[in-house]
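Below is one structure; the comments refer to it alone.
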Amino acid sequence: MITFYKNNNGLFPTENRENNKWINVVCPTQEETKFLLHELQIPEAFYNDIEDIDERPRIEIENGWFLIILRIPFKSNDAKLPFNTAPLGLMFKDDVFVSLSFHQAEILSDFVLYTQRKKSDVKNHFDLVLRLLLSSSIWFLKYLKQINQRIRLAEDNLEKSIKNEELQALLQIEKCLVFFITSLKGNDMLFHRIKNLKNHKEDFDPVLLEDVEIELRQAEETTNIYSNILTGMMDDYASVISNN
């Protein structure tokens, strides 16, 4: 699905393909893929990299196109992995800015509504990149709250009786946290690479840079705390089972 957004005290959908600020593409069809590759002339290598769910965060330039890949969290339909992360590709050249994702995620629609509520204009391409990176960190924290609730629920159930189902639930959460930790580390490295781009420092809002850094750090620290707590719980229950 392709959605065109105009910049008017917030990002609003528009039918006008010419005067748009942002082209958001999610799970593209064959026709939409042709539009990206042939009309917009996005490098095919960029498209293929974003399609790979294991692609790591990075920044790259080819034929005047910038490619920035960051990791975003999403709720998975896989019961064995309730929360996962996927690449979000941000590509821009001249007046064209395209985001591409092959997974449905709440972050993008929420980000649009947030800009409308705050009536915030996007100043330039890097401003939009940093705002999406900030939104990604906030959504990591939102999902971490849900993960914490699952940990507490599993802990309460295990206090009553140790069952394989509850231990498996903890193992699933542990796997989610591993993906979160890896993705957040990648996003953090990406942020510092963007921040240190010498030719684009005038494009950066210092307040926005600080906000992104704070939220990224908080998401990383929270994930590590939950991971350590979960590891300790698993070790304790392993000792109980061994004693029994």
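For Cα Rg over 2.2 N^0.38 Å, pick the label among (i) 1.13; (ii) 0.97; (iii) 1.06 that corresponds to the value derived from the coordinates. Of the labelled values, this structure produces (i).
Each stretch of four or more DSSP H residues adds -39500 (n - 2.57); spread over every residue of the chain, this sum gives -19000 deg cm²/dmol at 222 nm.
The portion of the accessible surface of the chain made up by carbon and sulfur, rounded to a whole percent, is 47 (1.4 Å probe; DNA, RNA and ligands excluded). Nearest 10 degrees is fine. How inclined is helix 106-118 to the longest principal axis of the chain, computing both from alpha carbons? On a 0 to 90 degree scale, this one is about 60.
Under 11 Å from the Cβ of PRO87, count the other residues' Cβ atoms, weight Lys and Arg +1, Asp and Glu -1, and hand me the total. After counting each charged neighbour, the total is -2.
Relative to the dominant Cα principal axis of the chain, helix 164-195 is inclined by about 30°. If I fit a long axis through the Cα atoms of helix 206-243 and take the longest principal axis of the Cα atoms of the chain, what angle between them do I get, 0 to 90°, rounded to 10? In the chain, helix 206-243 runs at an angle near 20 degrees to the longest axis. With protein chains left intact and a 1.4 Å probe, residues in the range 93-184 average 50 Å² of accessible area per residue.
The values are calculated or read from the model by the stated rules, or taken from the named source; none is laboratory data. Predicted model only: the values in this text are computed from it and were never measured. As a convention, Cβ positions derive from the backbone with ideal geometry for all residues, glycine included, and neighbour counts pool all protein chains shown. Calculation scope for accessible area: heavy atoms of the full protein, side chains included, ligands and nucleic acids excluded. Shrake-Rupley method; radii C 1.70, N 1.55, O 1.52, S 1.80 Å.
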